[in-house]
Amino acid sequence: MIKLVATDLDGTLVHDRKMHKKDRAALMEVLSKGIPVVPVTTRMRYSSSEMLGDVPIYRSPLVCMNGAHVIGPGWDDEIHKEWFKKTHDIDTARAISSYTDEKGYEMTTIFGEKKFWKTRDGQRPGPHPSDSITHLVERNQDALEFGEPISFMMHDDRNGKEGLKDIENFAKVNFKNKVTVHRHHRMGDWVALTIYPPRTNKLNGLKIVCKKMNISLDDVLAIGDDLVDKEMIEASGIGVAMGDSPDEVRSVADDLAPSCTEQGSSWALNKHVI
């Protein structure tokens with residue numbers, strides 16, 4: 001019997017920051033049954049809340065930043081209860097930031113409630129007008145004045161695939177036991193890279209939630225579409241991979257759903273919960 005639903009957001013429950021009405025309706029029906037739906041996402045708390053809008057999913061906990069940050073129910077509010085947070089040690093963070101500055105890479109440095117972008121031509125350091133959490137810095141390492149970050153993120157559209165490969169290799173070779181490196185895909189294409197503290201993954205974040213809520217992983221339905229979802233899909237009672245997931249993810253899933261653009265979340269929730 002499913003007692004908790006753990007779902008990825010981008011590429012699973014939402015597409016281009018929007019949730020289809022069928023997926024929303026299925027989600028609301030699951031919530032109406034008293035079954036918690038826990039987002040397990042690479043996103044920060046702020047952007048997760050912004051994306052999900054008025055869906056009362058915030059009554060359940062949130063596993064964000066790939067499991068490095070876990071927040072209790074009521075996480076849509078700026079005043080919330082942290083259940084778990086893991087950050088980079090400052091020496092590792094400085095080395096990674098310095099290397100990206102030397103190579104001219106654009107990197108996002110992410111904290112619990114703030115993120116920092118490197119300025120582009122014509123931009124000035126300071127708060128970014130897009131939202132209340134984004135700040136611009138002249139160098140990636142300037143962001144570390146705020147403290148120890150939770151993660152670093154680089155995108156291929158700003159740095160190219162070779163840039164992603166370079167920083168991936170740099171992190172793995174020089175900080176083998178001090179970082180976790182994740183690749184992120186969109187429609188099968190490698191589009192971003194994140195660097196987290198060691199042993200960071202969505203499954204470990206989900207385990208924290210299950211322990212707090214006294215729910216066995218055997219009673220969890222986990223839905224996802226990318227390599228970062230593989231471990232929680234494989235370990236949960238029922239693991240569902242979206243139809244356009246990489247082969248490595250599909251191979252460990254108990255069931256395959258249509259893609260996000262075909263409302264695969266609705267399909268999975270209707271079949272296994274509703």
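Compare the Cα positions of G104, P129, L164 along the charge dipole of the stretch 99-226 (+1 at Cβ of Lys, Arg; -1 at Cβ of Asp, Glu; about the Cα centre) and return the one farthest towards the positive end.
L164
Given contacts defined as C-alpha pairs under 8 Å and at least six residues apart, what's the relative contact order of the stretch 1-68, whole-number percent? Don't jump to the answer; show the numbers that get you there.
Numbers: 78 pairs, mean separation 24.2, N = 68.
With pairs under 8 Å counted, the relative contact order is 36 percent.
What's the exposure ranking of V5, V55, V70, going from fewest to most Cβ atoms within 10 Å? List each step's numbers first, then the result.
On the way: V5 28, V55 17, V70 25.
Fewest-to-most ranking of V5, V55, V70: V55, V70, V5.
So if I take the centroid of the Cα atoms in the stretch 64-98 and the same for the stretch 224-274, what is the distance between those two points in Å?
Here the answer is 26 Å between Cα centres.
Among L13, S49, V30, whose Cα sits farthest toward the positive end of the charge dipole of the stretch 1-63 (+1 at Cβ of Lys/Arg, -1 at Cβ of Asp/Glu, about the Cα centre)?
Value: V30.
To the nearest 20 debye, what is the magnitude of the charge dipole of the stretch 90-196 about its Cα centre, counting +1 on the Cβ of each Lys and Arg and -1 on the Cβ of each Asp and Glu? Each step should come with its number before you reach the end.
Numbers: 16 positive and 17 negative charges, 51 e Å.
For this selection, approximately 240 debye.
Neighbour counts of other C-beta atoms within 10 Å: give me F116, F84 arranged from fewest to most. The partial results should precede the final answer.
On the way: F116 25, F84 16.
Fewest to most other Cβ atoms nearby, the residues stand as F84, F116.
With the chain treated as a Gaussian network of Cα nodes joined by springs under 10 Å, which of V240, V173, V209 yields the largest mean-square fluctuation?
Highest fluctuation among the options: V173.
If the convex hull of the alpha-carbon atoms of the stretch 1-135 is projected onto planes in all directions, what is the mean projected area in square nanometres? Walk me through the intermediate numbers first.
On the way: hull surface 40.8 nm².
Orientation-averaged projected area of the Cα hull: 10.2 nm².
Whose amide H sits under 5 Å from the amide H of H20, counting only residues 5 or more places off or on another chain, with H placed in the peptide plane?
When sequence neighbours closer than 5 places are left aside, the close amide H contacts are H15.
Scale the Cα Rg of the chain by the rule-of-thumb value 2.2 N^0.38 Å and send over the ratio, two decimals. Please list the in-between numbers first.
Values: Rg = 18.2 Å, N = 274, 2.2 N^0.38 = 18.6 Å.
For the chain, the normalised Cα radius of gyration is 0.98.
Starting from the eigenvalues of the Cα gyration tensor, five times each then square-rooted, give me the equivalent ellipsoid semi-axes of the stretch 90-196, largest first, whole Å. Walk me through the intermediate numbers first.
Details: eigenvalues 86, 55, 34 Å².
Output for the stretch 90-196: semi-axes of 21, 17, 13 Å.
Please list, by residue number, every one of the trypsin sites (Lys or Arg not before Pro) in the stretch 1-60 that is coil in DSSP and has at most 11 other beta-carbon atoms within 10 Å. Before the final figure, lay out the partial values.
On the way: sites: K3, R17, K18, K21, K22, R24, K33, R43, R45, R59; in loops: K3, R17, K33, R43.
In loop regions of the stretch 1-60 (DSSP not H, G, I, E or B), the sparsely surrounded trypsin sites (Lys or Arg not before Pro) are R17, K33.
Only four residue types carry charge here, +1 at the Cβ of Lys and Arg and -1 at the Cβ of Asp and Glu. Report the dipole size of the chain about the Cα centre in Debye, rounded to the nearest 20.
Values: 37 positive and 42 negative charges, 105 e Å.
Here the size comes out at about 500 debye.
Through the Karplus equation 6.51 cos²θ - 1.76 cosθ + 1.60, θ set to phi - 60°, convert the phi angles of the stretch 77-87 into ³J(HN,Hα) values in whole Hz; use x for Gly and Pro.
So the Karplus estimates, Gly and Pro as x, are 8, 4, 9, 9, 9, 7, 9, 6, 8, 10, 10 Hz.
So which trypsin sites (Lys or Arg not before Pro) in the stretch 184-272 pass both tests, a DSSP loop state and at most 14 other Cβ atoms within 10 Å of the Cβ?
Details: sites: R186, R199, K202, K207, K211, K212, K230, R250, K271; in loops: R199.
Hits after loop and neighbour filter: R199.
Return the FRET efficiency for the residue pair I79, D219: r is the Cβ-Cβ distance, R0 is 35 Å, and the value is rounded to the nearest 0.05.
Details: r = 31 Å, r/R0 = 0.87.
Computed FRET efficiency for I79 and D219: 0.70.
Which trypsin sites (Lys or Arg not before Pro) from the stretch 102-139 combine a DSSP loop assignment with at most 12 other Cβ atoms within 10 Å? Numbers along the way, then the final one.
Numbers: sites: K103, K114, K115, K118, R120, R139; in loops: K114, R120, R139.
Sparse-neighbourhood loop trypsin sites (Lys or Arg not before Pro): R120.
With n ≥ 4 as the cut-off for DSSP H runs, can you work out [θ] at 222 nm for the chain, using -39500 (n - 2.57) per run divided by the number of residues, rounded to the nearest 500? All intermediate terms of the calculation are to be shown ahead of the outcome.
Numbers: 8 runs with 84 residues, N = 274.
Estimated from H runs of four or more residues: -9000 deg cm²/dmol.
In whole percent, what relative contact order does the stretch 90-196 give with Cα contacts below 8 Å and a gap of six or more residues?
Details: 171 pairs, mean separation 26.8, N = 107.
Computed value for the stretch 90-196: 25 percent relative contact order.
When the Karplus curve 6.51 cos²θ - 1.76 cosθ + 1.60 is applied with θ = phi - 60°, which whole-Hz ³J(HN,Hα) does each residue of the stretch 5-13 get, with x for Gly and Pro?
10, 10, 10, 5, 9, 4, x, 10, 9
Below 21 Å, Cα to Cα, which lysines can K22 reach? Residues fewer than 8 away in the same chain don't count.
Filter leaves K33, K271.
List the lysines whose alpha-carbon lies under 19 Å from that of K85, not counting same-chain residues fewer than 8 positions away?
K114, K115, K178, K202, K207, K211, K212
Read-outs throughout are calculated quantities, based only on the coordinates presented, and are distinct from any laboratory measurement. Since the structure is predicted, the reported quantities are computational estimates derived from the model, not experimental observations. Note: ideal-geometry Cβ built from the backbone for every residue, glycine included; neighbour counts use all protein chains shown.
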